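Trainee: Take a look at the following structure, please.
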Amino acid sequence: MKESSIVVLISAGTEWRVVLAAYPKAVLHNSPFGTYFYADIPVRQQANGVLFFQGGWGKINAAASTQYAIDHFAPQYLINLGTCGGFEGEVQPGDIILADRTIVYDIVEQMGDPQAAITAYTTEIDLSWLGTNYPSPVTRTTLISADQDLVAEQIPNLIAKYQAVAGDWESGAIAYIANCNQIRCLILRGVSDIVGPGGGEAYGNIEIFRERTKSIMDTALNDLPGWIALLP
């Protein structure tokens, strides 16, 4: 293993397969969470070495793989590219969320203060170093995470309580571990599907998720050099 100043974490298997298709000549290495590879990303006519790392889906894999990547590759920056579910009326499919706060919301505390438990796993992501001249349009906002798909009936409360517009499974864990290690973290997630009062458009129709994930991840990879160019 060799150190890499930039580690790009990819969570879901569907997302990772799109990345592998974009780098067909990548030499894959194994980790406890899947595979990883090194690639040179051209930025301002210079090659920047980047490690793409499959972290796995869900909060357990996300937390463990983030710490593993930090321990083994000593990155200065962690970039998480992926997808999320959007709230009907708040965002549109294909919108890109730049997370400046993450909240793990599926914590049920009945002995003590339930809000204190949620607050303990809320991470404010410092993006002051990033500037505001982004290479592509994004919505800078809160991402909420849980080990579950978005539940339609919960969305009005999630909007009211957390001012959230989208949710996923892993961002909260990734941001929390990055913050514990004082590693700069950039989370960019594209809205793959919308959930509203009538349910989720991809629920029971996973092909919608797969098709949109390909488009989102292809766009994310195309935009990646522009984001790397902003790193101090």
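Computed from the coordinates by the stated procedures, all read-outs in this text should not be read as laboratory data. If you're wondering where the values come from, they're calculated on a predicted model, not measured in any experiment. Here Cβ is always computed from backbone atoms with ideal geometry, including for glycine, and neighbour counts include all displayed protein chains.
Trainee: Just to confirm a number: summing +1 for Lys and Arg and -1 for Asp and Glu over residues other than N80 whose beta-carbon lies under 11 angstrom from that of N80, what do you get?
Mentor: Its environment carries a net charge of -2.
Trainee: Say we join alpha carbon atoms closer than 10 Å with springs in a Gaussian network model of the chain; which of A74, A160, A21 then has the biggest fluctuation?
Mentor: A160
Trainee: Return, ordered by residue number, the residues of region 186-227 whose backbone nitrogen is under 18 Å from a label point located 7 Å along Cα→Cβ of S5.
Mentor: It comes to 186, 224-227, nothing else.
Trainee: By how many nm would the segment from A116 to A229 lengthen if fully extended, with 0.36 nm per residue of separation less the alpha-carbon distance?
Mentor: Details: separation 113, 0.36 × 113 = 40.68 nm, distance 3.79 nm.
Extending this stretch completely gives an extra 36.9 nm.
Trainee: Name the long-range amide H neighbours of R140: under 5 Å, sequence gap of 5 or more, or other chain; modelled H, no Pro or chain starts.
Mentor: Excluding prolines and chain starts, which carry no amide H, the hits are L98.
Trainee: Please return the longest stretch of the chain lacking exposed loop sites, where GluC sites (Glu not before Pro) count only if DSSP places them in a loop and at most 12 other Cβ atoms lie within 10 Å. Write out the running numbers ahead of the final one.
Mentor: Numbers: sites that count: E3, E109.
Result for the longest clean stretch: 110-232.
Trainee: On to the next question. 222 nm [θ] for the chain, helices only, -39500 (n - 2.57) per DSSP H run of 4+, per residue, to 500? Could the numbers behind the result be given before it?
Mentor: Details: 6 runs with 74 residues, N = 232.
Taken over the chain, the calculation gives -10000 deg cm²/dmol.
Trainee: Next question, about the same structure. If the elastic network links every pair of Cα atoms under 10 Å, which of D113, D95, D149 fluctuates the most in the Gaussian network model of the chain?
Mentor: Of D113, D95, D149, the most mobile in the Gaussian network model is D113.
Trainee: Okay, moving on. Q154 to T219: extension gain in nm, 0.36 nm per residue of separation minus the Cα-Cα distance?
Mentor: Working: separation 65, 0.36 × 65 = 23.40 nm, distance 3.01 nm.
Full-extension gain reported as 20.4 nm.
Trainee: Right, here's the next one. In whole angstrom, note down how far apart the Cα centers of region 51-95 and region 190-204 are.
Mentor: Here the answer is 20 Å between Cα centres.
Trainee: Further, regarding this structure: So what are the three principal axis dimensions of region 6-224 from its Cα atoms, in whole Å, longest to shortest?
Mentor: Its Cα atoms span 48, 37, 36 Å along the three principal axes.
Trainee: Using a Gaussian network model on the chain with a 10 Å cutoff between Cα atoms, which of Y105, Y121, Y134 fluctuates the most?
Mentor: Of Y105, Y121, Y134, the most mobile in the Gaussian network model is Y134.
Trainee: Read phi for every residue in region 221-228 and hand back ³J(HN,Hα) as whole Hz from Karplus 6.51 cos²θ - 1.76 cosθ + 1.60, θ = phi - 60°, with x for Gly and Pro.
Mentor: Coupling constants for region 221-228: 5, 5, 7, 4, x, x, 6, 4 Hz.
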